Amino acid sequence: SVKHPAGDQLPRYVRVNTLKTTVEDVVDYLKRDGFSYLGKACRLEDLSLKDRYFLSDLHLPELLVFSPKTDFHDHFLYKAGHIVLQDKASCLPAHLLSPPPGSHIIDACAAPGNKTSQLAAIMKNKGRLFAFDLDGKRLATMSTLLLRAGVTCQQLANQDFLKVDPGNPQYKDVQHILLDPSCSGSGMVCIQDNTSADQEKEQARLASLASFQLRCLNHALRFPSLKRLVYSTCSIHKQENEEVVAACLQQNPGFRLVPLLAEWPERGLEPLPQCLRASTAKTLTHGFFVALLEKHSEPGNTKQ
Ligand code: SAM
């Protein structure tokens, strides 16, 4: 497959898996391995690196940034599960959901599980992480990935999330949900196809994806103890992003958007600037969208 040239120019991002190691240990290991560490980035422009230089990211503390051609697939740290090769934008959903250790959480469309393993790291493997995926093959890949990452708090199910019963007592303590449903993938620069001949077909595909995404969101909001939900896609289309979230908020007045990362350079399109967008041009990542919904506290309820 032919790669979009911009894809080759993006920095390579490496997430340190804190279930197995620390950022300091990974930095030391890489320095001994011939890489030169430049400390923490101050500005986005710092992330354009050459050769074997690397940095700590300015937004995400567990993220290291390398030059575009760096490849860690055969590296010991990757094979041992100490690092995860994950684009910066796709690290945002779990980072923003930030479930405390001990939480019960749902990863609704989870495979191949990079975000699941990041959630487990944030929870320090303490609590319960219910992860669903419709695709058995992808779920099998996910099992291997989670094993390598040292994740132990998960409960995987090869199941349609839309058929998971929110009233099942198993899920009564679920306060956090991560929803990263199937999308057009139009933000992935290596699969961008601008020559897409059939506009009508593409529109029909987007409409069907958006309706699936909205059904997933509405379903997720039915879990009785839910407090916070992150919705994300690797799509650049408003139809799968802001429009899905706006429709959901209209249908669920008990939820509102949380304004995210004031320092992040790219916002959701109007009228949802509380959300984040990511792109090659503005954030040096793949195209991405993230929204965080939270439940209004009930009248008379003083608890957060
Ligand atoms: N969150 C994953 C990660 O970070 O590795 C990527 C998820 S991918 C964008 C979307 C996933 O949703 C696919 O693996 C697909 O099989 C799954 N999926 C699609 N429809 C589903 C459904 N109704 N219930 C559960 N999973 C579904």
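Where a number appears in this text, it was derived from the coordinates with a stated rule and is not lab data. Everything numeric here is computed off the predicted structure, so don't read it as measured data. Using ideal geometry, Cβ is built from the backbone for each residue, glycine included, and neighbour counts are taken over all protein chains shown.
Counting pairs of alpha carbon atoms under 8 Å apart in space and at least six apart in sequence, what relative contact order in percent does the range 110-224 give?
That works out to 26 percent.
Looking at SER186, VAL174, ALA140, which one has the Cα that reaches farthest to the positive end of the dipole of the chain (charges on Cβ: Lys, Arg +1; Asp, Glu -1)?
VAL174
Select from ASP160, ASP74, ASP57 the residue whose mean-square fluctuation is largest in a Gaussian network model of the chain (Cα-Cα springs shorter than 10 Å).
ASP74
Count charges around PHE255 for me, please; just the other residues with Cβ under 11 Å from its Cβ, Lys/Arg as +1, Asp/Glu as -1. Don't skip to the end; give the middle numbers.
Working: positive: LYS227, ARG228, ARG256, LYS295; negative: GLU294.
Here the charged neighbours net out to +3.
With springs only between Cα atoms under 10 Å, which of LYS20, LYS137, LYS126 fluctuates most in a Gaussian network model of the chain?
LYS137
Test of understanding: in a Gaussian network model of the chain with alpha carbons linked when under 10 Å, which of SER182, SER90, SER117 would top the mean-square fluctuation ranking?
Residue with maximal mean-square fluctuation among SER182, SER90, SER117: SER182.
Please express the shape of the range 66-136 as an equivalent ellipsoid: the semi-axes are the square roots of 5 times the eigenvalues of the C-alpha gyration tensor, given largest first in whole angstrom.
24, 14, 12
Whole percent per 5 Å bin, from 0 to the bin with the longest distance: what is P(r) over all C-alpha pairs of the range 1-115?
Result, from short to long distances: 2, 10, 20, 24, 20, 13, 8, 3, 0 percent.
Which order do VAL290, VAL258, VAL244, VAL189 fall in if you start with the one that has the fewest other Cβ atoms within 10 Å? Show your work: numbers first, answer last.
On the way: VAL290 25, VAL258 14, VAL244 29, VAL189 20.
Exposure proxy ranking, most exposed first: VAL258, VAL189, VAL290, VAL244.
Using the scaling law 2.2 N^0.38 Å as the reference, what is the normalised Cα Rg of the range 81-201?
1.14
Given the options PHE289, SER48, LEU38, identify the residue whose Cα lies farthest towards the positive end of the charge dipole of the chain (+1 on Cβ of Lys, Arg; -1 on Cβ of Asp, Glu).
Of the candidates, LEU38 comes out farthest on the positive side.
Measure out, as a whole number of angstrom, how far apart the alpha-carbon centroids of the range 219-273 and the range 69-112 sit.
Comparing the Cα centres of the range 219-273 and the range 69-112, I get a distance of 21 Å.
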